[in-house]
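Student: My questions will all concern the structure given below.
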Amino acid sequence: MVTRARRKLKEKQNFHREETALLEALSSALSEEEIQRMLACALLALDGAGRRRLIERLGKETGETLGELLGARKRKKQRPGRAKVRQEWDRAWGEWQACVDESGDKGGRYVYQEHHWESPYLDAGALTHDLETIAVQMRKLVPRVMEDDLDPELSFAEALAQTAEEIGSGLPEWMDNPEGYDFGPEVTGCLLDWEWRAAQRNGLGAFELADRICKLDRSLNAAGLDQDAIAGYVLGLGDKHTRNILKGITDNRSTGHWADVLGRSYSGWFRMYRDLTRRWDPDLFVAISRANIAQNWELALPLVKDLLHRKAFEEARSLIEEAVHALLRLDPGESWDPREGLLIEHPTQRYRTDINASRVQLLKDWHKTATGLDREELACALELQTVVSANREDWDAVVGAFRRVQKPELASMCDRLFSDWKSMIAKASIGAHTDGGAEPEQNWIHGLADAARAGDDGGAFHKTVRDWLKYFERTPESLGGSLLSLGKLTLDLDPGSRLKNKAPILHRLLSRYQGGKDLVHRSRRQLVGRLRGAELFPEVLQFWKRNAPSLVPDPAQARGSSYGDCADWAAAVFELDRQAYDRIVLSWSKSHKRRRNLWQALKKKQLPLKVKS
């Protein structure tokens with residue numbers, strides 16, 4: 001027996017030496033591509049007996065893999081061998097660790113500095129993006145690695161915790177470290193795939209998985225896991241497992257890490273728990289939703305929907321008022337009346353420019369509730385509130401909603417809400433830029449809204465514009481403060497770009513900060529067109545001819561030696577009225593003769609520096 005074992009060992013050693021010598025010879029004589037082709041040709045040239053001898057010589061693991069591969073080739077289905085899977089798995093972890101190590105290098109690709117005078121910082125987003133890419137490959141390998149037990153000592157949870165601890169390790173203390181970043185859905189999914197398989201292998205249930213992941217998530221400090229990926233994975237585990245998770249969380253919801261995550265109604269863990277209760281325990285779903293409305297008003301929406309379905313209008317009203325109280329962050333005892341002002345103009349909502357679908361739904365449900373309770377004025381106000389919230393920048397939609405309200409007893413309420421919308425749409429039209437000075441309380445946009453609501457055919461709007469322009473003729477000192485409004489009017493009245501052809505410099509100056517592609521501008525210009533606004537353009541052009549000179553900045557007020565604005569407006573006056581331009585230049589030649597940069601700015605615009613005789 002001993003002699004036979006020694007003989008086999010000696011044969012194996014001889015085989016190894018022969019293989020090594022052959023590989024060295026091949027490597028020195030052939031390219032890698034030629035070696036690969038030779039290998040394929042050799043396998044194809046072997047008969048059945050030759051392949052069996054080759055498989056036997058390769059040993060159990062590699063031989064079995066090759067046998068499976070050759071058989072799968074006929075079936076067009078291939079399965080990588082254990083060694084290949086182990087190689088790819090080790091390579092992925094090597095790339096992972098290389099990324100983590102580089103995050104601690106102040107000269108590495110994850111350290112970013114926007115300007116040389118600012119402190120560099122670790123770009124955690126770039127790092128987690130690279131880890132996501134690696135995790136995509138890892139996740140494909142997880143089933144085989146677990147199935148063949150290729151990494152028995154690995155705990156993915158512990159590896160991820162170590163990663164979070166090592167990220168940025170080694171960077172100088174003065175360098176800004178990332179605050180609040182999340183591992184992405186692929187990293188989180190890879191973690192869940194591994195830990196769930198490990199839990200099942202060790203005889204643990206689904207709640208133990210959720211509990212382990214929740215503890216990990218709470219321990220990562222600055223880092224976190226992808227909450228949507230966790231919820232999607234857990235909710236997809238199947239009825240038996242999701243029931244197990246729900247029971248486990250419910251039994252432990254008042255203690256430790258579960259009390260922490262469930263105490264924050266915007267957390268992903270709370271949303272997941274609520275989804276589980278919705279599926280398996282409707283009474284608990286209602287209870288935890290009601291208990292957290294003050295913290296998250298949107299939790300009331302599904303409850304209100306159910307109450308409206310059951311026509312429980314009074315109960316729905318109470319719940320909606322509680323949600324509104326939370327939405328607007330009202331003080332105890334304070335209330336809000338939708339008949340008095342627009343919801344979107346409330347101080348807590350004014351700067352939210354998005355169309356919040358949940359907020360619109362709340363108003364729709366409130367309208368249904370008021371209708372069910374036979375509260376006509378309130379129902380009408382809420383219908384208007386809903387339209388404005390969903391279409392705040394669409395002139396036709398909003399004005400049309402107000403025009404449909406015809407009852408005299410509702411007029412006062414409608415006027416209040418319409419006044420709020422007029423102010424809001426005027427601000428949205430003019431934008432955030434200002435030129436200094438004071439804007440009149442009511443501008444032409446307010447008049448446009450009133451004319452549209454009254455069903456004007458153009459006459460009232462024309463009168464509004466003319467009266468507004470006369471205001472500036474009487475008070476030219478206020479012209480600068482309303483330049484944006486005047487520019488907006490001029491461009492709205494000029495769909496054919498006549499100003500661009502007649503006075504291109506003035507057109508360019510008025511087009512600064514003017515927008516025009518979004519809905520608020522498109523729908524307003526469509527309305528101006530229907531009210532025959534283009535007929536006013538010649539009058540507006542004459543207005544600019546008379547008043548543009550008063551907008552030319554005083555060179556004495558210029559900052560430093562920069563006279564670009566002076567030259568721009570002087571050029572605009574030149575193309576409108578040469579005589580007015582000459583008067584400006586004559587005045588400057590006396591008052592600002594020594595401002596060489598001023599005259600250079602005019603010369604650069606190719607403007608005449610001498611008065612025309």
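Each value in this text was obtained by applying a stated rule to the coordinates, not by laboratory testing. Computed from a prediction, not measured in an experiment: that's the story for all the values here. Positions of Cβ are generated from backbone atoms using ideal geometry, with glycine treated the same way; all protein chains shown enter the neighbour counts.
Student: Relative contact order, percent, of the stretch 295-386 when contacts are C-alpha pairs under 8 Å separated by at least 6 residues? Don't skip to the end; give the middle numbers.
Tutor: On the way: 82 pairs, mean separation 30.4, N = 92.
In percent, rounded to a whole number, it is 33.
Student: While we're looking at this one, here's another question. For the pair T20/E575, report the inter-label distance in nm, with labels modelled 7 Å from Cα in the Cβ direction.
Tutor: Rounded to a tenth, the inter-label distance reads 8.5 nm.
Student: What is the calculated FRET efficiency for D281 to L39, with r their C-beta to C-beta distance and R₀ = 60 Å, to the nearest 0.05? Walk me through the numbers before you get to the answer.
Tutor: On the way: r = 61 Å, r/R0 = 1.02.
So, using R0 = 60 Å, E works out to roughly 0.50.
Student: Using only Cα atoms and rounding to the nearest 10 degrees, what angle (0 to 90) does helix 268-280 make with the longest principal axis of the chain?
Tutor: Approximately 80 degrees, to the nearest 10.
Student: Which FRET efficiency value, to the nearest 0.05, is calculated for T475 and L154 with the Förster distance at 60 angstrom and r the Cβ-Cβ distance?
Tutor: Working: r = 78 Å, r/R0 = 1.31.
With a Förster radius of 60 Å, E is 0.15.
Student: What FRET efficiency comes out for the pair L235/E539, r = Cβ-Cβ distance, R0 = 60 Å, nearest 0.05?
Tutor: Values: r = 65 Å, r/R0 = 1.09.
With R0 = 60 Å, the Cβ-Cβ based efficiency is 0.40.
Student: Turning to a different aspect of this structure: For the chain, what is the relative contact order in percent, using Cα pairs closer than 8 Å and at least 6 residues apart in sequence?
Tutor: Values: 608 pairs, mean separation 37.1, N = 613.
This gives 6 percent for the chain.
Student: For Q162 and R596, compute 0.36 nm times the residue count separating them, minus their Cα-Cα distance, and round to one decimal in nm.
Tutor: On the way: separation 434, 0.36 × 434 = 156.24 nm, distance 6.67 nm.
The span from Q162 to R596 would gain 149.6 nm if fully extended.
Student: So what does the Cα-only Debye profile of the stretch 494-545 read at q = 0.14, 0.17, 0.22, 0.26 Å⁻¹, as log10 I(q)/I(0), no solvent term?
Tutor: -0.39, -0.58, -0.96, -1.18
Student: With angles folded into 0 to 90 degrees, how steeply does helix 206-219 sit against the dominant principal axis of the chain? Use alpha carbons for both and round to 10.
Tutor: Rounded to the nearest ten degrees, it is 60.
Student: Note the full-extension length gain between K84 and E377 as 0.36 nm times their separation in residues minus their Cα-Cα distance, in nm to one decimal. Write out the running numbers ahead of the final one.
Tutor: Details: separation 293, 0.36 × 293 = 105.48 nm, distance 7.38 nm.
Full extension from K84 to E377 adds 98.1 nm.
Student: Need one number: nm distance between label points at R508 and L204, each 7 Å from Cα along Cα→Cβ, rounded to one decimal.
Tutor: About 6.9 nm separates the two model spin labels.
Student: Roughly what angle does helix 483-492 make with the longest principal axis of the chain, taking Cα atoms, 0 to 90 degrees, to the nearest 10?
Tutor: 80
Student: Now for a different question. Just in the stretch 135-243: which chymotrypsin sites (Phe, Trp or Tyr not before Pro) are loop by DSSP and have at most 15 other Cβ atoms within 10 Å? Walk me through the numbers on the way to the answer.
Tutor: Values: sites: F156, W174, Y181, F183, W194, W196, F207, Y233; in loops: W174, F183.
Answer in residue order: W174.
Student: Also, quick follow-up: At 222 nm, what value in deg cm²/dmol follows for the chain if DSSP H runs of at least 4 each add -39500 (n - 2.57) and the sum is divided by all its residues, to the nearest 500?
Tutor: Values: 30 runs with 402 residues, N = 613.
Counting only the DSSP helices, I get -21000 deg cm²/dmol.
Student: What pairs from K240/K368; K488/K593; K488/K605; K463/K605; K422/K470 go past 31 Å between their alpha carbons?
Tutor: Pairs exceeding 31 Å: K240/K368; K488/K593; K463/K605.
Student: Once mean projected area of the Cα convex hull in nm² is worked out from the coordinates, which option in (i) 48.6; (ii) 33.9; (iii) 28.4 does it equal?
Tutor: Structure-derived value, by its label: (i).
Student: Among the GluC sites (Glu not before Pro) in the stretch 288-353, which ones are in a DSSP loop with at most 14 other Cβ atoms within 10 Å of the Cβ? Mind listing them? Spell out each step's value before the answer.
Tutor: Working: sites: E298, E314, E315, E321, E322, E334, E340, E345; in loops: E334, E340.
Taking the stretch 288-353 and a limit of 14 other Cβ atoms within 10 Å, the loop GluC sites (Glu not before Pro) found are E334, E340.
Student: Let me ask something else about it. Could you order the peptides 522-532, 113-123 from most to least packed, using the average number of other C-beta atoms within 10 Å per residue? Write down the numbers at each step before the final one.
Tutor: Details: 522-532: 17.9, 113-123: 12.4.
Highest to lowest by the protection proxy: 522-532, 113-123.
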